[in-house]
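Data first, discussion second: the structure below is written as structure tokens.
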Amino acid sequence: MRLLITAGPTREHIDPVRFLSNCSTGKMGFAIAEAALAAGHEVELVAGPVALTPPASAHYTPVISARDMLAAVMEYLPTVDAVIMTAAVADWRPAEVAQDKLKKHTMEPVIKLVPNPDILSEIKKVKTNQFIVGFAAETRNALEYAKDKLERKGLDMIVANDVSQPGAGFAVDTNIVSFVTQQGIEHFPLMSKREVGAKIISYIESKLS
Ligand code: PMT
């Protein structure tokens, strides 16, 4: 299989030296990429700004903003069998990006935001037969919100992680996930992100074989 995996945060600039972003480190997406490569698959890895070294045998596309990530995803989508969106894409960006560093005494203490494109919703509009996996990072009612996202974003599976649980979510090497599909929900115990990656890859293999 050829897999498109997104990872990390996006960065939405306010001026050349300031931006809005989030706590994603890319560990979850890179671990899935490693598991996919170990299982003999080809990987397109598209990642926002992270401090990790991509696996040597992945084809790696570093991006900055949500709109950069959308462009890369749309480029690779027709060439892949499945997409796994672990990236924590910023939902909003500043309406204007200053060309020069803003000065404290001249700037308004308010930043006007505009919505970013939703990458999974854009995939839904143009996809053919690719298997699409989203992630849901929640701090409460994780399964309820995950089921809603499964429907709304037209996904084959969503991997829910309650990022308020110790050992789960952002920046750690482990995760606690549930696979939510139209067929039901499967819960997993605390595992390494690499083990979570292997479970996701086996699941996709079982559906596409
Ligand atoms: O990178 P790590 O430090 O290892 O952390 C891993 C993680 C917590 C980031 C990861 O496990 C995770 O949960 N990723 C999804 C984070 C997220 O943005 O969730 P969300 O519930 O806001 O978004 C739902 C889905 O829509 C996600 O698949 C996301 O990639 C996608 N999305 C979101 C916004 C947007 N504009 N476009 C999108 O496609």
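The values are calculated or read from the model by the stated rules, or taken from the named source; none is laboratory data. Every value quoted in this text rests on a predicted model; they were computed, and no experiment measured them. Cβ atoms come from the backbone with ideal geometry, glycine included; neighbour counts cover every protein chain shown.
Give the residues of segment 19-50 that are over 13 Å from the mean Cα position of the chain (by Cα) and within 29 Å of LYS112 (Cα to Cα), sorted by residue number. Selection gives PHE19, LEU20, SER21.
Among the conditions (1) in contact with a helix residue (DSSP H, G or I) (Cβ under 9 Å, 6 or more places away or on another chain); (2) in a strand (DSSP E or B); (3) not polar (S, T, N, Q), the only one that VAL73 does not satisfy is (2).
Looking at segment 151-204 only, could you name the residues that are part of a loop (DSSP other than H, G, I, E, B), among the aliphatic types (A, V, I, L, M), closer than 19 Å to THR139 by Cα and within 11 Å of the ligand (Cβ to nearest atom)? Of everything in segment 151-204, those that are part of a loop (DSSP other than H, G, I, E, B), among the aliphatic types (A, V, I, L, M), closer than 19 Å to THR139 by Cα and within 11 Å of the ligand (Cβ to nearest atom) turn out to be VAL163, ALA168, ALA171, VAL172, ILE176.
Of all residues in segment 79-97, those that are in contact with a Lys or Arg (Cβ under 9 Å, 6 or more places away or on another chain) and surrounded by fewer than 18 Cβ atoms within 10 Å (Cβ to Cβ) total 5. The residue list LEU190, LEU155 contains one member that is surrounded by fewer than 18 Cβ atoms within 10 Å (Cβ to Cβ), free of Cβ contacts under 8 Å to residues at least 40 places away in the same chain and in contact with a Gly (Cβ under 8 Å, 6 or more places away or on another chain), which is LEU190.
Within segment 101-126, being within 16 Å of the ligand (Cβ to nearest atom) and either at pLDDT below 95 or outside any loop (DSSP other than H, G, I, E, B) (or both) holds for LEU113, VAL114, PRO115, ILE119, LEU120, SER121, GLU122, ILE123, LYS124, LYS125, VAL126. Considering PRO49, PRO54, the condition of being buried (at least 18 other Cβ atoms within 10 Å of the Cβ), in contact (Cβ under 8 Å) with a residue 24 or more places away in the chain and part of a loop (DSSP other than H, G, I, E, B) is satisfied by PRO54 alone.
Consider segment 5-20 and keep the residues that are in contact (Cβ under 8 Å) with a residue 40 or more places away in the chain and away from the ligand (no atom under 12 Å from the Cβ). The one that is surrounded by the fewest Cβ atoms within 10 Å (Cβ to Cβ) is VAL17.
Is there a residue in segment 92-102 that is within 14 Å of LEU155 (Cβ to Cβ) and under 20 Å from the mean Cα position of the chain (by Cα)? No: segment 92-102 contains no residue that is within 14 Å of LEU155 (Cβ to Cβ) and under 20 Å from the mean Cα position of the chain (by Cα). The residues of segment 21-45 that are crowded, with 18+ Cβ neighbours inside 10 Å, within 29 Å of ALA95 (Cα to Cα) and away from the ligand (no atom under 11 Å from the Cβ) amount to a single one, LEU45.
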